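K.L.:
Below is a structure I'd like to ask you about.
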Protein chains: 2
Amino acid sequence: MYNINRNYLKLPGSYLFSTIGRKSREYQSTHPEADVISLGIGDVTQPLAPAIIKALHEAVDDMAHAETFHGYSPDLGYSWLRETIAKNDYEDRNCDVTADEIFISDGAKSDSGNIQEIFAQNQRIAVCDPVYPVYVDSNVMAGRCGTYDKAAERWSDVIYMPCTADNGFTPSFPKEDPDIIYLCYPNNPTGASITKERLQDWVDYANRIGAVIIYDAAYEAYISDSEVPHSIYECEGARTCAIEIRSFSKNAGFTGTRLGFTVIPKEIERDGVKLHSLWARRHGTKFNGAPYIVQKAAMAVYSEEGKAELKEQIGYYKRNCRVIMDGLKEAGYDVYGGVDAPYIWLKTPGHMTSWEFFDRLLSHANVVGTPGSGFGPSGEGYFRLTAFGSYENTKEAVRRIARM
Amino acid sequence: MYNINRNYLKLPGSYLFSTIGRKSREYQSTHPEADVISLGIGDVTQPLAPAIIKALHEAVDDMAHAETFHGYSPDLGYSWLRETIAKNDYEDRNCDVTADEIFISDGAKSDSGNIQEIFAQNQRIAVCDPVYPVYVDSNVMAGRCGTYDKAAERWSDVIYMPCTADNGFTPSFPKEDPDIIYLCYPNNPTGASITKERLQDWVDYANRIGAVIIYDAAYEAYISDSEVPHSIYECEGARTCAIEIRSFSKNAGFTGTRLGFTVIPKEIERDGVKLHSLWARRHGTKFNGAPYIVQKAAMAVYSEEGKAELKEQIGYYKRNCRVIMDGLKEAGYDVYGGVDAPYIWLKTPGHMTSWEFFDRLLSHANVVGTPGSGFGPSGEGYFRLTAFGSYENTKEAVRRIARM
């Protein structure tokens, strides 16, 4: 008689975005005249850049003729794309990463959810608090995190690393040694970045204790500060302890086009087994390559034309960041992030809880954001706004919040 | 200190297609004049149909303008696609499947590899022998299959159901009761199909013993025989025991475009937990939706224009089937499959092993196929040819084999 994976039942309901949705809809239905602006979800709004559109049309035309038709792509991605990434994202930044260490996938969410599979069952993970929920949930589903304490909002076997204004949103090394350390910089949800010096400390720490770092760099395109590394491989020794996950969602607007990649250096090994081989085996068994047309679109991201257009597109969202940062600061808010990341993390005024501020913002300013407590207990008393709206909506939202 | 998932190390090397590749390259390098034709790998060769190309171009244009741009798609797929599938693939065949029981994914390989995750660790799986390797390998990676006996080519905890000419390539119920039964019809690699009556027996058996059937129907578009069901939901009682996996790869040439779907009826539940909810949770945590442009392309598969063009495309491959079947029969071969499936399964002549026949075919006819033993011990003495080549190559390959 078949039985289910009971680890799934341990997961608390994923209430954050559904509660946001319900509350927004309820407000809108009782206030049909209200023009509600959402700076909540981290989805882009600008269209794909012209160079990418052109590449997509050309790739579609390739698929229309037997001579240029493309069937199954290589499981790990087309070599022309892997080489282009190696050159642009790594060689040009003096990072030692080769094309065959790059695994093309359908996105950073899949990779960050699936990567735990190649590790042993008894692994102890460490995550920042607040955190992107996929890191923890995917480990819970695999039976790794112990039991959930609903009141404390914590798993018994997860090591939490609080990130608050007090530590500048960069965690200290945990008291207990973890096996797997998830780091996301620039950070979702706090918008904080990490200096190369501080990231080097983490790499040294991981090498010292024999841990692996899963480094989610999905937002690197938003980095403004020259002290902030774009890749963990800018640090010495990262090749023996760090896996890096990248996305085309936020640098090129691929949230609905789907593409990402993961780097696993061949030097990371345990008992003579390379993590690189394990991940290759996973790709070969449970994945059948990313679409040809989407991989072609990614090539345009690295063309001269594409780079120029995307610089402008990211500039558009970064201008939104400044509008939010400047407007809220002027209105007396404590605001964080927003310089190297598309997220603005603000302290709720007057000791309001994150949800109290959500309700107030919705009813008094008709603006929707994301309560910080939804990302973990240390997010309580904070609130996330994103820069991915249109410029006009962003300006209007800030005007309303300031007036509130 | 991190540790690896040692279940991965139990997997024998995946030598089948790499050995085929190496042998083909070696032959070609010592015989540069030889015009080697491959009927080996199950990849399509015909371009995407004009209706699909048109839909892709239109969807790309949507992505070029803010008003029609599409960011994150719903995790489970766009409702317009799920409803279209429910209507065309199920309602029109009198199958009771609703749109919200359909989960859109990036392909049948991902789904058939990932589906085991929602089941308990101690599950006993049953597979046909020969078999598509993903069903077993994905369970091995999850630690389910016991130990591998290299000589016998069998896992200690897997229930094998031999499929040979003696039983018409349809297995008998196993002596031990499995928890999860993988069935693939029309079958890869044997090309066999199953009658509705016989499939009903399997559904009744699964319901009786409390097993779940994972029904891989990736090749249903090739069914010619009206007695052969296109979906397991044509059988009574399938809604309480069967998950169905479908692909756009072989009916619409999406091997390099990537799209598939899985159906989980809401009636399959254990201890009050619906498998539907577990799979939805997995999609929500480890997947971020299939590309908008690809989902739009799938809509064209169901348009009047698309249906007509794809009927012709499948007809093209089915003509290849007949060329192979007729030509080999006439040359004295015992051939199977090829009527309801794009695969032809032949008995090697003169008691040759599958690999002996491979070598002979390569050197004497310059044709590459797939040794049946690569799919499992009961495949020994058989050989797979696919109908996915061009008509000209297929005709020429058959001419050479017949002359051999």
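The values are calculated or read from the model by the stated rules, or taken from the named source; none is laboratory data. Values in this document were obtained by computation on a predicted structure and should not be read as measured data. With ideal geometry, Cβ positions are generated from the backbone for all residues, glycine too; neighbour counts draw on all protein chains shown.
K.L.:
Going residue by residue through segment B:100-109, is there one that turns out to be of a type in the set (Lys, Arg) and within 9 Å of chain A (Cβ to nearest Cβ)?
P.N.:
Yes.
K.L.:
Let me ask you something else. Does any residue of segment B:189-197 turn out to be in contact (Cβ under 8 Å) with a residue 40 or more places away in the chain, closer than 28 Å to residue A:288 by Cα, within 12 Å of the chain's Cα centre (by Cα) and within 14 Å of chain A (Cβ to nearest Cβ)?
P.N.:
If we filter segment B:189-197 for residues that are in contact (Cβ under 8 Å) with a residue 40 or more places away in the chain, which is where we start, we get B:189-193.
Filter again for closer than 28 Å to residue A:288 by Cα, leaving B:189-193.
Going one step further and asking which of them are within 12 Å of the chain's Cα centre (by Cα), we end up with B:189-191.
Retained after the next criterion (residues that are within 14 Å of chain A (Cβ to nearest Cβ)): none.
No, that holds for no residue.
K.L.:
With the structure loaded, tell me whether residue B:61 is acidic (Asp, Glu), at the interface with another protein chain (Cβ under 8 Å from one of its Cβ atoms) and within 27 Å of the chain's Cα centre (by Cα) or whether it fails that test. If you could, list the steps in order and put the result at the bottom.
P.N.:
Working: acidic (Asp, Glu): yes; at the interface with another protein chain (Cβ under 8 Å from one of its Cβ atoms): yes; within 27 Å of the chain's Cα centre (by Cα): no.
Spelling it out, it is not the case that residue B:61 is acidic (Asp, Glu), at the interface with another protein chain (Cβ under 8 Å from one of its Cβ atoms) and within 27 Å of the chain's Cα centre (by Cα).
K.L.:
One residue is enough: does segment B:19-39 have a residue meeting the conditions out of contact with any helix residue (DSSP H, G or I) (no Cβ under 7 Å at 6 or more places or on another chain), within 14 Å of another protein chain (Cβ to nearest Cβ) and part of a helix (DSSP H, G or I)?
P.N.:
Looking for residues that are out of contact with any helix residue (DSSP H, G or I) (no Cβ under 7 Å at 6 or more places or on another chain), within 14 Å of another protein chain (Cβ to nearest Cβ) and part of a helix (DSSP H, G or I), one finds at least one in segment B:19-39, hence yes.
K.L.:
Against the conditions (1) under 20 Å from the mean Cα position of the chain (by Cα); (2) crowded, with 22+ Cβ neighbours inside 10 Å; (3) not hydrophobic (A, V, I, L, M, F, W, C), where does residue B:144 fall short? Just the number, please.
P.N.:
Going through the list (1) under 20 Å from the mean Cα position of the chain (by Cα); (2) crowded, with 22+ Cβ neighbours inside 10 Å; (3) not hydrophobic (A, V, I, L, M, F, W, C), residue B:144 breaks only (1).
K.L.:
While we're on this one: Looking only at residues that are in contact with a His (Cβ under 9 Å, 6 or more places away or on another chain) and away from chain B (no Cβ under 14 Å) in segment A:205-259, which one is nearest to residue B:286 (Cα to Cα)?
P.N.:
A:217
K.L.:
Say whether the condition of being of a type outside the set (Val, Ile, Thr), assigned by TED's automatic domain parsing to the domain that holds residue B:74, touching a Pro at 6+ places or on another chain (Cβ under 7 Å) and in contact (Cβ under 8 Å) with a residue 12 or more places away in the chain is met by at least one residue in segment B:222-234.
P.N.:
Narrowing segment B:222-234 to residues of a type outside the set (Val, Ile, Thr): B:222, B:224-227, B:229-231, B:233-234.
Add one more test, that the residue is assigned by TED's automatic domain parsing to the domain that holds residue B:74, and what stays is B:222, B:224-227, B:229-231, B:233-234.
Next, from what is left, pick out any that are touching a Pro at 6+ places or on another chain (Cβ under 7 Å): B:222.
From what's left, in contact (Cβ under 8 Å) with a residue 12 or more places away in the chain: B:222.
Yes, because at least one residue in segment B:222-234 is of a type outside the set (Val, Ile, Thr), assigned by TED's automatic domain parsing to the domain that holds residue B:74, touching a Pro at 6+ places or on another chain (Cβ under 7 Å) and in contact (Cβ under 8 Å) with a residue 12 or more places away in the chain.
K.L.:
Could I ask something else about it? crowded, with 20+ Cβ neighbours inside 10 Å and either within 14 Å of chain A (Cβ to nearest Cβ) or in contact (Cβ under 8 Å) with a residue 24 or more places away in the chain (or both): is that true of residue B:89 in this structure?
P.N.:
Judged against the criteria, residue B:89 is a match.
K.L.:
For residue B:201, all conditions in the list (1) surrounded by fewer than 17 Cβ atoms within 10 Å (Cβ to Cβ); (2) not in a helix (DSSP H, G or I) hold save one; what is the number of the exception?
P.N.:
(2)
K.L.:
Now for a different question. Restricting attention to segment A:70-81, which residues are touching a residue at least 40 places away in the same chain (Cβ under 8 Å) and either of a type in the set (Val, Ile, Thr) or away from every other protein chain (no Cβ under 14 Å) (or both)?
P.N.:
Hit for segment A:70-81 is A:80, nothing else.
K.L.:
Please work out which residue is surrounded by the fewest Cβ atoms within 10 Å (Cβ to Cβ), limiting yourself to segment A:209-229 and to residues that are of a type in the set (Asp, Glu) and either out of contact with any helix residue (DSSP H, G or I) (no Cβ under 7 Å at 6 or more places or on another chain) or outside any loop (DSSP other than H, G, I, E, B) (or both). Before you say what the answer is, go through the steps one by one.
P.N.:
Going through segment A:209-229, the residues of a type in the set (Asp, Glu) turn out to be A:216, A:220, A:225, A:227.
Still in the list and also either out of contact with any helix residue (DSSP H, G or I) (no Cβ under 7 Å at 6 or more places or on another chain) or outside any loop (DSSP other than H, G, I, E, B) (or both): A:216, A:220, A:225.
Details: A:216: 28, A:220: 22, A:225: 11.
Here the residue is A:225.
Yes or no, residue by residue, for (1) under 18 Å from the mean Cα position of the chain (by Cα); (2) over 27 Å from residue A:112 (Cβ atoms):
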residue	(1), (2)
B:220	yes, yes
B:223	yes, yes
B:239	no, yes
B:267	no, yes
B:273	no, no
B:278	no, no
B:300	no, yes
B:311	no, yes
B:324	no, yes
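K.L.:
Here is a follow-up. Quick check: is even one residue across segment A:128-149 aromatic (Phe, Trp, Tyr), farther than 20 Å from residue A:221 by Cβ and in the same structural domain as residue A:202 (by TED's automatic domain parsing)?
P.N.:
As a first pass, look at segment A:128-149 and keep what is aromatic (Phe, Trp, Tyr): A:132, A:135, A:148.
Checking which are farther than 20 Å from residue A:221 by Cβ leaves us with A:135, A:148.
In the following step, the residues that additionally are in the same structural domain as residue A:202 (by TED's automatic domain parsing) were identified as A:135, A:148.
There is at least one residue in segment A:128-149 that is aromatic (Phe, Trp, Tyr), farther than 20 Å from residue A:221 by Cβ and in the same structural domain as residue A:202 (by TED's automatic domain parsing).
K.L.:
Does any residue of segment A:152-167 turn out to be at negative phi, crowded, with 21+ Cβ neighbours inside 10 Å and within 11 Å of another protein chain (Cβ to nearest Cβ)?
P.N.:
Within segment A:152-167, none of the residues are at negative phi, crowded, with 21+ Cβ neighbours inside 10 Å and within 11 Å of another protein chain (Cβ to nearest Cβ).
K.L.:
Scan segment B:384-401 for residues that are in contact with a Pro (Cβ under 6 Å, 6 or more places away or on another chain) and over 17 Å from residue B:345 (Cα atoms) and report the count.
P.N.:
So the answer is 0.
K.L.:
Is it the case that residue A:318 is in contact (Cβ under 8 Å) with a residue 12 or more places away in the chain, assigned by TED's automatic domain parsing to the domain that holds residue A:43 and of a type in the set (Lys, Arg)?
P.N.:
Values: in contact (Cβ under 8 Å) with a residue 12 or more places away in the chain: yes; assigned by TED's automatic domain parsing to the domain that holds residue A:43: yes; of a type in the set (Lys, Arg): yes.
Yes.
K.L.:
Quick one: which strands (runs of 3 or more DSSP E) sit completely within segment A:330-404 and have at least 2 residues that are surrounded by 19 or more Cβ atoms within 10 Å (Cβ to Cβ) and of a type in the set (A, V, I, L, M)?
P.N.:
Values: elements: A:335-337, A:343-347, A:382-386.
Where strands (runs of 3 or more DSSP E) fall fully within segment A:330-404 and carry at least 2 residues being surrounded by 19 or more Cβ atoms within 10 Å (Cβ to Cβ) and of a type in the set (A, V, I, L, M), they are A:343-347.
K.L.:
Next up: Take residue B:124 and decide whether it is free of Cβ contacts under 8 Å to residues at least 60 places away in the same chain and surrounded by 23 or more Cβ atoms within 10 Å (Cβ to Cβ).
P.N.:
In short, no.
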